[in-house]
Every structure is written in C-alpha cells, then in structure tokens.
Amino acid sequence: MPLSTSSAAPQLFYSEGSPYARICRMALRERGLMPQVREATTTLRDPAAAVLPHNPVGRVPALVLRDGTTLTETTLILGWLDEHGSEPAMLPGDAQGLAAYGRVLGLLDGIAVWNRELRRPEAERSPSVLSLEATRANRIADALERDVADGVYANIDAGSLALLAVLGYAERRHTVWKWRMNRPQLELWFIRASQRASFCETLPPLSGI
C-alpha cells in the first residue's frame with residue numbers, strides 16, 4: 001500500500017547507536033519507504049529527549065503514525081512496514097523463519113545487557129552477569145554458524161537484518177566480543193551481507209567498548 005509524502009508523514013525516531021532501531025532503518029530502505037517515512041534522531045535517558053512526547057517509554061525505535069499513534073518495539077514496527085512499501089516482506093511467514101528471527105533477538109538482548117554492564121564503573125560491574133552474557137552470546141553464535149552454513153539467513157527479512165544489526169553492533173560498539181573466532185561461515189555471511197546499501201547507510205558511531 002503506497003504512502004503519500006507530506007509534512008504529516010510517519011516519523012521513525014531512532015538513536016544512531018541502537019541496533020534495534022537500525023533493524024527498522026534497514027527495513028525502511030529494503031522496502032523502498034525512505035521517501036515516505038521521515039527519520040528523526042533522539043537522545044535516550046534524557047528528560048528532554050525528542051521522542052518522549054510521543055513515547056513515554058523513552059526507547060527506540062518509535063514510529064509515529066499520521067494520526068499520532070506511536071508504535072514501539074522493533075517487531076511491531078516491522079509488521080507495520082510489511083503493510084506498506086514493496087517487497088520483500090520483513091516478518092517471516094513460517095515457524096522456521098520466526099524461530100531464526102527469535103534466536104537473533106535473543107542474542108541482541110543479551111549483548112545489550114552485556115554492553116550496559118561494561119559501561120558501568122568497573123567496581124560496579126557484576127562478574128556473574130558478564131560471564132553469563134558472554135557465554136550466552138558464544139552459544140548462540142555457534143548455533144548461528146551452523147544456521148548460516150545451512151542457508152537459514154539467506155533471505156532478506158527480519159532475521160537477516162537483525163543478524164546484520166547485532167554483528168554490526170559488535171564490530172563498532174561491542175568489540176570486546178570476538179564473534180568471528182572459529183566461525184568462518186558466519187564471518188563470510190557478514191562480509192557478503194554487509195555490502196547491502198541499507199547496512200552501509202545506517203552505520204552506528206564507533207564506541208570505545
């Protein structure tokens with residue numbers, strides 16, 4: 001369903017460092033919706049954040065529709081995008097595809113916890129949390145190594161975009177995780193998939209972690 005361009009066009013709030021928002025930003029580009037959905041950056045954990053009048057949760061991504069309704073959470077926004085623009089559909093239509101997407105979301109959630117813990121002062125960090133999330137990330141990445149070898153993430157959909165987002169996050173903002181080690185299939189998949197314009201146009205800033 002096409003959208004008309006106007007000052008009341010839907011608006012996607014994002015933070016440049018958020019891998020969750022990056023999934024939606026890549027999906028906008030993959031579905032050809034960039035001329036019809038505006039992007040707007042916002043700060044986070046800030047009482048003056050631009051997104052707060054629209055989303056009291058204060059998180060991104062947040063998609064403000066023409067009537068003022070605000071959709072939050074990546075998967076809900078991907079569902080809305082699937083009703084607009086052109087192919088390909090983002091949300092898989094089968095259980096296997098949804099399971100693949102879910103595995104990557106689980107990885108991303110764990111990486112987010114790991115990264116937040118590392119951003120605390122060293123004396124306040126929890127060694128058990130750091131160990132748990134590092135173990136979880138490596139366990140999932142080992143499964144993903146097998147998955148990509150079997151062609152599970154060959155299609156451009158929510159699963160592959162989420163995988164691009166989390167590995168891209170590890171490359172630039174969570175470099176403490178050496179995900180490439182002993183995972184040649186996953187590395188090769190990333191090298192090839194990261195050539196897509198949607199990935200290159202949404203690179204997050206570098207971080208010191």
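Some values worked out for this structure:
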{"item": "Any hit, the stretch 82-104, residues being assigned by TED's automatic domain parsing to the domain that holds residue 141 and among the β-branched types (Val, Ile, Thr)", "result": "yes"}
{"item": "Flag for residue 88 being part of a loop (DSSP other than H, G, I, E, B) and out of contact with any Phe, Trp or Tyr (no Cβ under 9 Å at 6 or more places or on another chain)", "result": "yes"}
{"item": "Hey, residue 41 assigned by TED's automatic domain parsing to the domain that holds residue 19, touching a helix residue (DSSP H, G or I) at 6+ places or on another chain (Cβ under 9 Å) and of a type outside the set (Lys, Arg) or not", "result": "no"}
{"item": "Any hit, the stretch 45-54, residues being modelled with pLDDT of 95 or more, among the β-branched types (Val, Ile, Thr) and under 28 Å from residue 167 (Cβ atoms)", "result": "yes"}
{"item": "Positions within the stretch 135-167 being free of Cβ contacts under 8 Å to residues at least 40 places away in the same chain and among the acidic types (Asp, Glu), in sequence order", "result": "150"}
{"item": "Condition met for residue 132 (more than 27 Å from residue 51 (Cβ to Cβ), of a type outside the set (Ser, Thr, Tyr) and outside any loop (DSSP other than H, G, I, E, B))", "result": "yes"}
{"item": "Test for residue 189: is it in a loop (DSSP other than H, G, I, E, B) and buried (at least 18 other Cβ atoms within 10 Å of the Cβ)", "result": "no"}
{"item": "Residues (hydrophobic (A, V, I, L, M, F, W, C), surrounded by fewer than 17 Cβ atoms within 10 Å (Cβ to Cβ) and outside any loop (DSSP other than H, G, I, E, B)) located in the stretch 27-64", "result": "40"}
{"item": "Single residue of 118, 132 found to be among the aliphatic types (A, V, I, L, M) and either touching a helix residue (DSSP H, G or I) at 6+ places or on another chain (Cβ under 6 Å) or in contact (Cβ under 8 Å) with a residue 24 or more places away in the chain (or both)", "result": "118"}
{"item": "Residue count, the stretch 136-169 (criterion: assigned to a helix (DSSP H, G or I) and in contact with a helix residue (DSSP H, G or I) (Cβ under 7 Å, 6 or more places away or on another chain))", "result": "22"}
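The values are calculated or read from the model by the stated rules, or taken from the named source; none is laboratory data. A quick note: this is a predicted structure, and the numbers were derived from the prediction, not measured. As a convention, Cβ positions derive from the backbone with ideal geometry for all residues, glycine included, and neighbour counts pool all protein chains shown.
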